Amino acid sequence: MSTDALPGTGPELSYEQARDELIGIVQKLETGGTTLEESLALWERGEELAEICQTWLDGARQRLASAEASSENRTSDDT
């Protein structure tokens, strides 16, 4: 994946935009009616979008872990 798709590194899709586009691709692939070449292009785009979504989710997980650790540190400092 290029760094352009990583959150905070330039032009990017939001998690919701990537997810919605991915849903559309899955629906197209499930309904069929596309050529093999079109299906492969859709699959490749879907892989890119899945990676973008995973990057956003990983970032969110890290932020939550950081916030929890910060909260625990403040709580232990108060005691």
Label point distance in nm, residue 50-residue 72, each placed 7 Å from Cα along Cα→Cβ: 3.2 nm
Long-range HN-HN contacts of residue 12 with modeled amide H, under 5 Å: none
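The numbers here are math on the coordinates, done by the rules we state, and not lab data. Computed from a prediction, not measured in an experiment: that's the story for all the values here. Cβ: placed from backbone, ideal geometry, glycine included. Neighbour counts: every protein chain shown.
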